[in-house]
1. Would you confirm whether any residue within segment 224-247 is at positive phi and at pLDDT 85 or above?
2. Looking only at segment 174-189, which residues are surrounded by fewer than 15 Cβ atoms within 10 Å (Cβ to Cβ) and either touching a residue at least 60 places away in the same chain (Cβ under 8 Å) or within 16 Å of residue 75 (Cα to Cα) (or both)?
3. Counting residues that are of a type in the set (Lys, Arg), which helices (runs of 4 or more DSSP H) fully inside segment 1-109 reach at least 1?
4. Testing residue 196 on (1) closer than 30 Å to residue 288 by Cα; (2) under 25 Å from the mean Cα position of the chain (by Cα), one condition comes back false. Which one is that?
5. Is it the case, given these coordinates, that residue 205 is assigned to a helix (DSSP H, G or I) and either of a type in the set (Val, Ile, Thr) or touching a strand residue (DSSP E or B) at 6+ places or on another chain (Cβ under 8 Å) (or both)?
6. Every residue in segment 155-186 that is hydroxyl-bearing (Ser, Thr, Tyr) and out of contact with any helix residue (DSSP H, G or I) (no Cβ under 6 Å at 6 or more places or on another chain), please.
7. Which condition does residue 273 not pass, out of (1) modelled with pLDDT under 80; (2) buried (at least 18 other Cβ atoms within 10 Å of the Cβ); (3) of a type in the set (S, T, N, Q), if it passes all the others?
8. Taking into account only those residues within segment 133-165 that are among the hydroxyl-bearing types (Ser, Thr, Tyr) and either in contact with a strand residue (DSSP E or B) (Cβ under 8 Å, 6 or more places away or on another chain) or in a loop (DSSP other than H, G, I, E, B) (or both), which is surrounded by the most Cβ atoms within 10 Å (Cβ to Cβ)?
Amino acid sequence: MSNLNNVWQSYRVIISFAVMGLVLLFVGLNQSWALVLGIINLSLISAIMALGVNIQWGYAGLFNVGIMGFAALGGVSVVLISQQPVTEAIEAGGLQMLVALALGVLTVATGVLLNKKGYNKWLIAAIVVIGYLITRYYFSDAARVIEKVDPAITGYLGGLGLPIMFSWIVGGLVAAGAAWSIGKITLGLRADYLAIATLGISEIILYVIKNEDWFVRGLKNVFGLPRPVPYEVDMQKSEWLQNTVAWIHRSDLELLAQSEQIAMLSDYVKGTSVVFVKLCYTGLFVFILVALIVLSNLALNAPWGRKVRAIRDNEVSAAAMGKNITRQHLQIFVIGSAIVGVAGALLVTYDGIFIPTSYQPLRFTFLIWVMVIVGGSGNNLGSVIGAFIMWFIWIQSGPMGLWAVEMLGNYIQEGNTSLEFIEDRVHYLRLIFMGSIMLLIMRFSPGGILPEKNKEL
C-alpha cells in the first residue's frame, strides 16, 4: 500500500492525465470521436476559466464568485467585434446612443471629481440627478428606434465586422476593465462579503445584457456568428477530404456496390468533416491554454509570484514589510478576470451563438469553483485536470445514470414504478456525482488531486 502511495505521490500528474486519456479513449471507441472532441474542447475552455479563478484564489486568496459576469462580458465582445454592423440601426439611432453614453460617462466622472474636491453633497446629488435625466432622455429614444429596425433579425447596432479572433483579446480587455472598476469598490471586502458583492455585480451585468435589446439583442439571442475554422459543409465539398476519406476506407468501400459506395462515402465524409473541424478548435484552444499556463508559471516563480503568495499567507506581515496589499489584490483580480473573459469569448465562438439566458451561476461560477477545488487550488495543472474531470461528469452523467438504472432494473420486479421514477430524474445524478467526487477529494486529498507545490516560501 505504501509503495502505491509513493508511486502516486511521485507521478500523480502523469497518472492523472493518463487516466483521463484512457477514459476519453473508452468513450471514443464506444460512443463517438466527435463526442470525445466536444468534451475535450469544452474542457479546455473550462480549464482556461478555472485557471483564471485559480490565479485569484490559489495565488491571492480572493473569493470571487462573479465568474459568470466576466464570462458573459467575453461573450458580448464576440458579438460586438465579429458581427457586421446594422447600417439601418446605426443611421436611425447610433449617434443619439453615442451621445447618451457620453453624457452618462460625463455625469459619473463629474460626480466623482466633485466628490474628491469636497463640494457640497447636495450639489453633487443634484448634478448627478440632472445628468441622469438628460442621459435617460437621449438613451430611451435611441434605444427605441434602434430596436424597431427589423427586430426579428437585428434590432441592435451590430458589431464592427472584424475577424472573430480579435474578440478573444477584446473579451479579455473588457473583462479586465470591468474587474478594475469592480475591484476599486469591492476589494476592501474580504471572504464572504467579497463573494456576495461579486455575485451581485455579475447578476447586474447579466440583467443589463438580457434587457437591453439594442446592445446584443437581449433575450432574442445572436446567432450566425462567424467562425475561425472552416464550416463542415464546405469541408464536405472539398476534393482533398473526399479523396483522403476514400483512401482511408478503401477496403470497406471496395466490398460495396457502386451506389452503396457513394452513400457510404458521403456518410464517412460527413463524420470526418465534423471531427476535422473540432480538431481545429482543439488546436486553437490547446495553444491558448498552454500559453496561459506557461506565462502563469513564469509569473508565479518570479519575485512577483512570491510576493503574491506572501500576501496571501500573511497580509499583516506583508503590509509590515511595505507591500501594497490593495494594489496587489487589484492586479490579481484584473488578471484572473481577464482570463475568464477570454474563456467566455472562446465559448461563444465555439458555440456559434450568444445566448444570455445560458449564463447560470451553477454552470459558470460554482462548477468552475468545483473544478479548481477538485484539481487543486494554487496549481495550474490542477485546474486543467479538475476541468476535464468535472466537465466529463457534467456531460456523461446522463449516460452513466441510465446505465446505472439499467443495471438496477435487473434486480427490480416488473411493474415496479420506482424504476420509471428514477429514469425521469436521472439528470439529477449529475449533481450527485459531482458532489460525491468533491467530497471524496476533500476527504482523502484536501489539497486537490494536484496540490500546490510551492506552499512554503
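1. Yes, segment 224-247 has at least one match.
2. 184, 188
3. 2-30
4. Among (1) closer than 30 Å to residue 288 by Cα; (2) under 25 Å from the mean Cα position of the chain (by Cα), residue 196 violates only (1).
5. yes
6. Across segment 155-186, the qualifying residue is only 181.
7. (1)
8. 156
The values are calculated or read from the model by the stated rules, or taken from the named source; none is laboratory data. Keep in mind it's a predicted model, so treat the numbers as computed, not measured. Because the Cβ atoms are built from the backbone with ideal geometry, glycine has one as well, and the counts that use them run over all protein chains shown.
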